[in-house]
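Trainee: What follows is a single structure, and I will ask about it in a moment.
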Amino acid sequence: MRKFQVVSDSSCDLGRERAEKLGVTLVSYYVSMDGKNYYREERDITAQEFYRQMAENPGVFPRTSMPTIEDYLDAFRPIAARGEGVLCICLNEPFSGSIQCARNAREVLLEEFPQAQVRVLDSRLATVLQGLLVLEAARLRDAGCSLEEAAGILERTKTTGRIFFTTNDLEYLRHGGRIGKAAAATGSLLRVKPLIGYEGDGLVTDGIAPGRKNSLNRVMELFYRYLARREIDLNDYYLATGYGLDRKEYQDFTRRLLAGLEERGYPARLVGEFHIGVTIGVHTGPTPIGVGILKKETAFPGGAPAPEN
């Protein structure tokens, strides 16, 4: 019997099929295209359908709503009833109240199951990086780590992530309050694309590039420079790429990224593609593409070997 189970809100962008294979329970965010009808991410609507609707309805800006306390309780109760611990990993707290709902659900659960072990962890991450942290949590669980051991390792690991990405439409960023109206208008007029990163516990600006092709090339260049400057050994990291609507464009981007890594002497092993979900997609529009890394744990408690994921 596993010592604990991993739960995450759906902002980790693992997708339901991969989460099920990993033994991870997803708690869905809600998304609405009209502000009235809300759909559960990865249950009522897939990421692909979400982006397709965005592309077919330009000028419509979707809204998201966080999981409820009851949503979390529905995930926690069966695990606690089996006598297993719960490790719940949530979206960066400044971005959403999801984690507070998980904390409140924990308090309710402990009234029903006083002996239950439940840890609610603020990932301080989002999208692909949160997904990689969830992958690491599943790996630690399968290596035999206790709930407390895994939580301690993840607290260290979550500070090591970095994302580089771009998107094609500044209006979604403007509508979401990420850039001002004047900046969006100027950027659209000049046909420049934003280069955006995630580091520490929030978004950072990595500059701009003229046109889509140049912005994708620039994302790769920034990533290569980051690896060299930090002297990163990719053997010790998860490497992932992610996208929105256009899988063909994404596949070309990933192929060229991996070829560039090979040329520079880096091991180029992806942990799989990520379909960027609704919590980030409402801000980026249907065209996000990028690359991210997160460090793996190499020193396991009790000298246990580090399993592959």
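Trainee: Report the full-extension gain for the segment K248 to R63: residue separation times 0.36 nm, less the Cα-Cα distance, to one decimal in nm.
Mentor: Length gained, K248 through R63: 63.9 nm.
Trainee: How high is the relative contact order of the range 227-284, in percent, with contacts defined as C-alpha pairs under 8 Å that are six or more residues apart?
Mentor: Values: 39 pairs, mean separation 27.1, N = 58.
Averaging sequence separation for qualifying contacts and normalising by length gives 47 percent for the range 227-284.
Trainee: Which of these values of percent of Cα pairs over 35 Å apart was calculated from the structure shown: (i) 48; (ii) 19; (iii) 32?
Mentor: (ii)
Trainee: Also, I was wondering about something else. May I ask you to list the residues of the range 4-31 whose amide nitrogen lies under 17 Å from a point 7 Å from Cα along the Cα→beta-carbon direction of D44?
Mentor: Label zone hits: 10-11, 27-31.
Trainee: While we're on this one: Beta carbons within 10 angstrom, averaged per residue: use that to sort the peptides 155-166, 225-236, 57-68, highest first.
Mentor: Details: 155-166: 20.8, 225-236: 12.1, 57-68: 15.8.
Ranking the peptides 155-166, 225-236, 57-68 by packing returns 155-166, 57-68, 225-236.
Trainee: With the crude spin-label approximation of a point 7 Å out along Cα→Cβ, what separation in nm comes out for E17 versus R52?
Mentor: Result: 1.4 nm between the two label points.
Trainee: Using modelled amide H (1.01 Å from N, peptide plane; none on Pro or chain starts), what sits under 5 Å from the amide H of F4, excluding residues fewer than 5 places away?
Mentor: Residues meeting the criterion, in which the H sits 1.01 Å from N, are G85.
Trainee: Based on the Cβ-Cβ distance from R255 to S32, what FRET efficiency comes out when R0 is 30 Å, to the nearest 0.05? Spell out each step's value before the answer.
Mentor: Numbers: r = 35 Å, r/R0 = 1.18.
With R0 = 30 Å, the Cβ-Cβ based efficiency is 0.30.
Trainee: Over 23 Å between Cα atoms: which of K213/K248; K3/K296; K21/K296; K193/K248 fall into that group?
Mentor: Details: K213/K248 14 Å; K3/K296 20 Å; K21/K296 20 Å; K193/K248 20 Å.
Going by Cα-Cα distance, every pair falls inside the 23 Å limit.
Trainee: Hey, another quick one. Assuming R0 = 25 Å, what is the FRET efficiency of Q100 and E155, from their Cβ-Cβ distance, to the nearest 0.05?
Mentor: Details: r = 19 Å, r/R0 = 0.75.
According to the calculation, E is roughly 0.85.
Trainee: Between Y237 and residues 5 or more places away or on another chain, which pairs have amide H atoms under 5 Å apart, with H built 1.01 Å from N, and which residues are they?
Mentor: K296
Trainee: Quick query: amide H of S65 versus all other amide H atoms, modeled in the peptide plane; which residues come in under 5 Å with a sequence gap of 5 or more or a different chain?
Mentor: Y30, V31
Trainee: Quick one: which of 98-111, 201-214 comes out on top by average Cβ neighbours within 10 Å, and what's the full order, highest first? Don't skip to the answer; put the middle values down first.
Mentor: Values: 98-111: 19.0, 201-214: 15.0.
My ranking of the peptides, most packed first, is 98-111, 201-214.
Trainee: Still on this structure, I have one more. May I ask you to sort Y72, Y29 by Cβ crowding, counting other Cβ atoms within 10 Å and putting the fewest first?
Mentor: Values: Y72 29, Y29 25.
Least to most surrounded, the residues fall as Y29, Y72.
Trainee: Here's something else I'd like to know. Return the calculated 222 nm mean residue ellipticity for the chain, to the nearest 500 deg cm²/dmol, obtained by summing -39500 (n - 2.57) across DSSP H runs with n ≥ 4 and dividing by the residue count. Could the numbers behind the result be given before it?
Mentor: Details: 11 runs with 131 residues, N = 309.
Mean residue ellipticity at 222 nm (helix-derived): -13000 deg cm²/dmol.
Trainee: Residue separation times 0.36 nm, minus the C-alpha to C-alpha distance between N214 and R230: what's the value?
Mentor: Numbers: separation 16, 0.36 × 16 = 5.76 nm, distance 2.40 nm.
Gain in length upon complete extension: 3.4 nm.
Computed from the coordinates by the stated procedures, all read-outs in this text should not be read as laboratory data. Remember, predicted model here, so these are calculated numbers, not experimental data. Every residue, glycine among them, receives a Cβ derived from its backbone with ideal geometry; neighbour counts consider all protein chains shown.
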